[in-house]
Amino acid sequence: MVSFYKTSLRKTVLTAVLLGLNVNAVITQSEPTSPEESVVDYSSIDTDRIKRAAPSEWLSYGRTYSEQRYSPLTQIDHETINRLGLAWSFDTESIRGLEGTPIVVDGLIYVTGNWGIVYALDARTGALVWRFDPEVDRETGALACCDIVNRGVAVYGDAVYVGVLDGRLVALNRQTGRLKWQVDTLAGEQGAYTVTGAPRAADGKVFIGNGGAEYGVRGFVSAYDANTGDRLWRFYTVPGDPQKGFENEAMAMAAKTWSGSWWQYGGGGTAWDSIVYDDELNQLLIGVGNGSPWNRRERSPDGGDNLFLSSIVALNPDSGEYLWHYQETPGETWDYTATQQIMLADMEIGGDVKKVLWHAPKNGFFFVIDRVTGSLISADPFVKVTWASGYDLETGRPIETPNADFAAGPQWVSPSPMGGHNWQPMAYSPRTNLVYIPITETALQYKEEKRFKFKPGHWNTGVDLDPGALANNLLNEAVTNRFGSAALLAWDPLTQKPKWRVPMEFIWNGGVLATAGDLIFQPNSSAELVAYDAHTGKALWSYDIQERSVGTPVSYELDGEQYIAVLAGWGGAISLSGGGMVQPSPEFGRVLAFKLGGDARLPALAPLPDYGRPPEPSVTDASIIERGRNLYTLNCMRCHGSNAVSNGRIPDLRRLPPAWYDQWDAIVLDGIMAKAGMVGFADVLTAEDSLAIKSFVLTEAQEDYALRTQPRWWVSLKTWFYDKVAAILVKLMEFTQ
């Protein structure tokens, strides 16, 4: 965690960047692979071209403005899928999560890695054409709630646009990668903001939001001139300090739904993912995030719906003027963001064809909303939901259950903050009329945080995320996954019923692609890319991609050949804090492309390094070790994993070279590795705290070493036994909920 002064440091560093002192574009030109490439018009992408995207290209985050993620290509189908093989792979220097959607246009594929680094690759061969590194100060990573990830770029005109973790919006020449312009989207704002979402571009504008609700910020969305970078408008998603006046009538209206001194906590409502341009109705739809703090009684003690938290808001894209909203979770208190992908569609309802949006957010209900008026048409649960029994279609409001409110005492609530559906995109096929959703079914025991005190620049939830509750939740997730708590779900939006469901082995899987070949592609946390029958969910093909993936596949065509491309690199909040999956993996995350007859091969994986027996803890007092466990959970777990078990991309603290333990305080307190992203915690931890955490970690390290050196048959037997016991405990927890 990071103190408020580091926000000022971010601004100081960013000032230098904007003065041109910290920008690096590494450009490597490749030879054209066909004569046509030398005469490509690199300024030819406009709103109409994206709206009518050719089947051979993937021009926008969801391919077209509808965000349906459906490819009309048919070469790869049920008959040919067995001939699908690896065409090429490209190693990034990213060692953390790769969450981006590739953009494919004019023979080039644009992808992003960690820290907002952009790569332009030859879409036929994977050869690097150019690379742009915005050179983000690594200390900024401590402000990112959910990893140093980036979900991709937008293309428009002759430019590629990327949102950078430190808040910049950068425009690059898409042929050369050279800088066109950059702006600080956080200019004039206070707080620990970050940007991880993909920009959207339309009608000569680029739209971008931000994250940071847990750190105490006020959310907003901005529009910039695509050619010059001039800011055109800004819309705040929650009201600010009433004493300073409200920016518009929408903010004055929203303020009536808040109480107390919410503005001192920022309010939250960051639009960190879904921003959709509705070209048919000329409106911009934004998904708004959770409150800051999560607990509504802390930020708004006298109640209220707290607009526009957990809402879909429609704006005039030309002026940023408010048009309408629908709030999915009034008085949000469970981290139920509405930032998940918004999908546009036409739908026959009662004999009339309506323009609707489909939304499957964290709160577990699948929404069908009239996107002309913002009125609710239907809302039904697509996962296990215990916080509400349904929605009143007359009022559009949820019917909360008694166990939803944890004011009087702890309550187990489903979904957990992980959500029934998180940011990983869903897809729709017009051939089956089904929406394919990567889902999870988990629960968390919510309870009030005693003596909550707001800490600027730190996590502020107002929910007691104690180690016991977290451990039980992670146990629930890890074990029940084997019985289908993570799945790929085929959902009928007309009947609001599931069609089929494919259980996943682990939680936190990738996004989804639907194709006209009646195939559904999804990468997963078992290090596979899998193709399913769109009608039945039967697995038809899989490929060992060596690395777990939360990427989202796309499809494109070149020279008469259809490709499937995806990023492989596990990351995000769940993969970091969940841990528990240390295993051999590629040194870096990859971009992978497949085609029929592809015969490329991935290199063999190197074994994990073994540094021998770790040092014995100098403190063996059980109370100090338990205190270290608590401190670790509160300060370290979100990056280094539950019980000090890493996901493999962040150093596993149980398996470090001896010198790291010798420099423990210098790293943990003094921040000598801040430039590598590991900031010091001296502002929140004492030397005694550091010793307690180290003692806990070394205790876990000793147990890990003993386990790793036991005979394999004994390990297998104990694992089987613990799994059986854990399954029984999970069933008991479910019974008592």
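The values are calculated or read from the model by the stated rules, or taken from the named source; none is laboratory data. Source: prediction; values computed, not measured. Virtual Cβ from ideal backbone geometry, glycine too; neighbours counted across all protein chains shown.
One table, with the values for the structure above:
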quantity	calculated
Those residues of the stretch 177-195 which are surrounded by 24 or more Cβ atoms within 10 Å (Cβ to Cβ) and at pLDDT below 95, in sequence order	Ala192
Enumeration of residues in the stretch 153-194 that are of a type outside the set (A, V, I, L, M) and part of a strand (DSSP E or B)	Tyr156, Gly157, Tyr161, Gly163, Arg168, Asn173, Lys180, Trp181, Gln182, Asp184, Thr194
Some residue of the stretch 439-451 being in contact (Cβ under 8 Å) with a residue 12 or more places away in the chain, among the aliphatic types (A, V, I, L, M) and touching a Ser or Thr at 6+ places or on another chain (Cβ under 6 Å)	yes
Meets criteria (over 26 Å from the mean Cα position of the chain (by Cα), over 21 Å from Arg548 (Cβ atoms), at pLDDT 95 or above and among the charged types (D, E, K, R)) for Asp133	no
Test result for Val162, closer than 25 Å to Ala54 by Cα and under 17 Å from the mean Cα position of the chain (by Cα)	yes
Lone qualifier among Pro615, Pro609 - being at pLDDT 85 or above and either out of contact with any Ser or Thr (no Cβ under 6 Å at 6 or more places or on another chain) or not aromatic (Phe, Trp, Tyr) (or both)	Pro615
Qualifying residue in the stretch 701-716 (condition: assigned to a helix (DSSP H, G or I), at pLDDT 75 or above and farther than 28 Å from Glu547 by Cβ)	yes
Every residue from the stretch 173-212 that is more than 29 Å from Gly457 (Cβ to Cβ) and of a type in the set (Gly, Ala, Ser)	Gly177, Ala201, Ala202, Gly204
Any hit, the stretch 54-61, residues being touching a residue at least 12 places away in the same chain (Cβ under 8 Å) and of a type in the set (Asp, Glu)	yes
Search result, residues across the stretch 231-288 that are charged (D, E, K, R), within 28 Å of Gln341 (Cβ to Cβ) and in contact (Cβ under 8 Å) with a residue 24 or more places away in the chain	Arg231, Arg234, Asp273, Asp278, Asp279, Glu280
Some residue of the stretch 213-225 being hydroxyl-bearing (Ser, Thr, Tyr) and more than 30 Å from Asn460 (Cα to Cα)	yes
Yes/no for Arg231 being among the basic types (Lys, Arg), at pLDDT 95 or above and buried (at least 19 other Cβ atoms within 10 Å of the Cβ)	no
Test for Ala388: is it closer than 24 Å to Leu284 by Cβ and touching a residue at least 12 places away in the same chain (Cβ under 8 Å)	no
Complete set of residues in the stretch 328-347 that are more than 21 Å from the chain's Cα centre (by Cα), over 29 Å from Phe406 (Cα atoms) and touching a residue at least 60 places away in the same chain (Cβ under 8 Å)	Ala345, Met347
Residue within the stretch 156-176 that is under 19 Å from Asp91 (Cβ atoms) and surrounded by fewer than 24 Cβ atoms within 10 Å (Cβ to Cβ) present	no
Filtered residues of the stretch 116-135 (kept if closer than 16 Å to Leu172 by Cα and either buried (at least 20 other Cβ atoms within 10 Å of the Cβ) or free of Cβ contacts under 8 Å to residues at least 12 places away in the same chain (or both))	Gly116, Ile117, Val118, Tyr119, Ala120, Leu121, Val129, Trp130, Phe132, Pro134
Selected residue (only one of Gly141, Gly191, Gly100 is of a type outside the set (Phe, Trp, Tyr) and assigned by TED's automatic domain parsing to the domain that holds Gly229)	Gly191
Which listed residue is of a type outside the set (Ser, Thr, Tyr), at pLDDT 95 or above and over 17 Å from Ser310 (Cβ atoms), from Val385, Val356	Val356
